[in-house]
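The values are calculated or read from the model by the stated rules, or taken from the named source; none is laboratory data. What you see is a predicted model, and the numbers here were worked out from it, not measured in a lab. Here the Cβ positions follow ideal geometry from the backbone for every residue, glycine too, while neighbour counts run over all protein chains shown. To get the accessible areas, we keep the full protein, side chains included, count just its heavy atoms, and leave off ligands, DNA and RNA. Shrake-Rupley method; radii C 1.70, N 1.55, O 1.52, S 1.80 Å.
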Amino acid sequence: MTQTAPDATLSTGTSDAGRLFASTDPRTGEVVAQHPVHTEAEVQDAVASARPAAEWWAGLGFEGRKSRLDAWRKVLVGKLDEFGALISAETGKPADDARTELALVIDHLHWAARQAGRVLGRRRVSPGLLMYNHAASIEYRPLGVIGVIGPWNYPAFTPMGSVAYALAAGNAVVFKPSEYTPGVGTFLASTFAEVVPEHPVFQVVTGFGETGAALCRAGVDKLAFTGSTATGKRVMAACAETLTPVLVECGGKDALIVDSDADLSAAADAAVWGGVFNAGQTCAGVERVYVAEDVFDEFVSLVTKRVKKLKPGGEPGADLGPITMPKQVDVIRSHVADALERGGNAVVGGAESIRPPFVEPVVLIDVPEDSLAVTEETFGPTLVINRVPDAVEGVRRANAGRYGLGGAVFSRSRGDELARQMRCGMVSVNAVLAFAAVPALPFGGVGDSGFGRIHGEDGLREFATPQSLTRKRFSALLNPMTYDRSSRTVKHVLRLVRVLYGR
Ligand code: NDP
């Protein structure tokens with residue numbers, strides 16, 4: 001499938017340098033399509049043309065935008081098979097993994113379009129007792145043009161956490177997809193252009209890190225970045241030069257806690273899914289499991305049985321696909337080697353499981369807490385399972401890392417209690433990753449996992465700025481905010497304050 005992608009999404013035309021790059025299928029190395037390497041000048045042009053588009057889009061209002069976003073959702077639903085095949089081609093993920101990703105995309109797009117008016121639209125608030133003669137209201141207005149930079153692991157779902165919510169809030173978007181998945185970004189923008197042909201409200205610029213860096217400096221009103229912590233720091237530094245606000249969604253090293261009274265079979269199923277799904281290339285995937293000592297052996301045996309059945313492959317029905325980004329294989333290899341050298345044991349697989357582009361699932365137990373497989377993001381189908389005296393100690397260890405994206409707890413009697421002690425942005429009790437699939441829940445982390453939120457009401461407000469408004473309804477009997485006031489007026493106001501708030 002070699003082709004040149006149509007450059008329909010960048011309103012300013014093709015790259016002046018005319019440089020192209022290929023996206024390839026990591027399963028076969030076959031070229032999927034060629035895409036332009038957009039230059040700094042082209043990125044600036046894209047942002048400039050997005051500005052009037054943003055004004056037009058904002059002017060449609062919540063209902064006008066909702067009808068366009070609903071139409072886009074229907075176009076995407078009509079093209080699910082085509083879109084899923086493209087995601088599989090650029091990432092190598094099995095067909096059902098791509099379909100699952102798209103189901104989430106659609107659900108979030110629906111939620112954002114439907115809820116934007118309620119969350120961001122003008123609403124009255126109480127003026128308070130001292131300002132009783134004014135009406136007070138608040139409204140969240142669009143920021144203007146949002147730059148979005150996305151990763152390759154969920155090339156549709158992850159950026160859409162910003163794109164759909166930013167559009168629903170009334171902004172134009174310029175999106176730079178990962179160099180591994182430019183076709184997915186282009187597909188999103190070109191389907192959007194089918195339902196919004198009038199103005200370049202959603203554009204895509206393609207290329208490498210330099211194109212992303214150019215977007216940071218192009219004068220966007222906010223930059224929403226999802227990717228590794230190291231790149232997130234570079235993005236923040238670039239945005240600081242122009243005081244461009246940032247939303248930074250970075251990596252994770254999420255832990256699952258298994259309490260003594262947990263449903264072990266369900267916990268093992270979830271650990272395996274959370275660790276191996278998408279070949280472990282999930283920011284909020286399960287990378288560490290802390291299991292209460294008294295159920296450790298049984299849990300490990302249940303996990304082992306399940307994992308041994310899973311095989312990577314390039315066929316659409318494989319359990320897991322390849323490692324999409326070739327250099328990640330070295331990271332996975334070094335983490336497994338380090339864990340084994342430091343006394344950890346492999347109960348499934350080992351160093352020999354790494355056969356690029358595929359990595360067979362690896363389960364490591366009793367791995368020292370200061371080894372790379374515990375402290376750094378592995379981003380492969382590996383699980384570290386460590387024993388702890390009890391679940392509380394599991395939470396303590398989970399919290400010891402520098403990341404704090406998501407987490408999970410399996411416990412029959414105190415799931416919520418343990419979950420609320422975890423230092424992270426999202427936790428699922430008796431499940432894994434459930435929070436990512438609930439559109440109303442904000443998604444994001446703390447610490448090295450970044451800051452700001454996509455999804456939910458907070459995710460809509462990320463792409464808007466509040467405007468407060470008061471309207472005087474009648475003159476107050478006591479008005480201390482004028483030079484016409486008398487000292488008696490202020491005295492009366494203070495008396496009122498003492499009566500109202502002093503007791
Ligand atoms: P990277 O950080 O390598 O890249 C992310 C994006 O940034 C890509 O589009 C990349 O472009 C671009 N980029 C690279 N250099 C620069 C630069 N100097 N300025 C601006 N943009 C730049 O991450 P990956 O693509 O490898 O994605 C995997 C990472 O993403 C993992 O750490 C994962 O945990 C994290 N992630 C976090 C999520 C979250 O919501 N918290 C969700 C999904 C993933 P190019 O590819 O062309 O180099």
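Worth pointing out:
- Amide hydrogen proximity for residue 21: with H placed 1.01 Å from N in the peptide plane, the residues at 5 or more positions away or on another chain lying under 5 Å are 35, 37.
- Put simply, when 308-315, 54-61 are sorted by average Cβ atoms within 10 angstrom per residue, most first, you get 54-61, 308-315.
- Each residue, residue 194 and residue 315, gets one label point 7 Å from its Cα in the Cβ direction; the gap between the two is 3.2 nm.
- Residue among 180, 350, 459 farthest towards the positive dipole end of the chain, charges placed on Cβ: 459
- For residue 141, the residues whose amide H sits under 5 Å from its own are 465, 467, ignoring neighbours fewer than 5 places away on the same chain, with H placed 1.01 Å from N.
- Normalised by residue number, the volume inside the convex hull of the Cα atoms of region 372-450 is 108 Å³ per residue.
- Degrees separating the helix 264-276 axis from the principal Cα axis of the chain, which is the longest one: 80
- Among the protein heavy atoms, those of residue 131 account for about 70 Å² of accessible surface (1.4 Å probe, every chain in place).
- From helices alone, the chain scores -12500 deg cm²/dmol at 222 nm; the rule is -39500 (n - 2.57) for each run of n ≥ 4 DSSP H residues, then divide by the residue total.
- Over region 129-249, volume per residue of the alpha carbon convex hull, in Å³: 143
- Between the residues 117, 104, 128, the greatest Cα displacement towards the positive end of the dipole of region 99-149, with unit charges on the Cβ of Lys, Arg, Asp and Glu, is found for 128.
- Here the dipole of the chain is about 3020 debye; that uses its Cα centre as origin and unit charges on the Cβ of Lys and Arg (positive) and Asp and Glu (negative).
- The percentage of C-alpha pairs in region 454-503 whose separation is greater than 12 Å is 75%.
- 3J(HN,Hα) from dihedral phi, region 339-356, Karplus parametrisation 6.51/-1.76/1.60, rounded to Hz, x for glycine, proline: 4, 6, 4, 8, x, x, 10, 9, 9, 9, x, x, 4, 6, 6, 8, 10, x
- Whole-number percent relative contact order across the chain, with pairs defined as alpha carbons under 8 Å at least 6 apart: 17
- Along region 463-470 the Karplus relation, 6.51 cos²θ - 1.76 cosθ + 1.60 evaluated at θ = phi - 60°, assigns HN-Hα couplings of 10, 8, 10, x, 10, 8, 9, 10 Hz to successive residues, with x for each Gly and Pro.
- Helix 40-59 and the longest principal axis of the Cα set of the chain meet at an angle near 50°.
- Reachable lysines from residue 233, criterion Cα separation under 25 angstrom, eight or more residues apart if same chain: 176, 222, 253, 327
- Per residue, in Å², the accessible surface of the chain once ligands and nucleic acids are set aside, probe 1.4 Å: 41
- For residue 318, the residues whose modelled amide H falls within less than 5 Å of its own, excluding neighbours fewer than 5 places apart on the same chain, are 95.
- Relative contact order computed over region 399-503 (Cα-Cα under 8 Å; 6+ residues apart), in percent: 18
- Calculated FRET value between residue 417 and residue 297, using beta carbons and R₀ = 22 Å, to 0.05: 0.30
- Projecting the Cα atoms of 209, 289, 225 onto the charge dipole of the chain, computed from C-beta unit charges around the Cα centre, puts 225 farthest toward the positive end.
- J(HN,Hα) series, region 413-429, from Karplus relation 6.51 cos²θ - 1.76 cosθ + 1.60, nearest Hz, glycine and proline x: 9, 9, x, 5, 4, 5, 4, 6, 8, 7, 8, 6, x, 8, 9, 10, 9
- Accessible surface for residue 114 stands near 150 Å², nearest 10, in the context of the full protein assembly shown (1.4 Å probe).
- Inter-centroid distance (Cα atoms) of region 44-67 relative to region 385-455, Å: 37
- Around residue 403: net Lys/Arg minus Asp/Glu count, Cβ-Cβ under 10 Å: -2
- As a fraction of the 1.4 Å probe accessible area of the chain, surface on carbon and sulfur atoms comes out at 54 percent.
- Rounded to the nearest 20 debye, the dipole size of region 336-443 about its Cα centre is 400 debye, using +1 on the Cβ of Lys and Arg and -1 on the Cβ of Asp and Glu.
- On Cα atoms only, tilt of 61-78 relative to the major axis of the chain in degrees: 20
- Global form of the chain, assessed from the alpha-carbon gyration tensor, a/c cut-off 1.5: oblate
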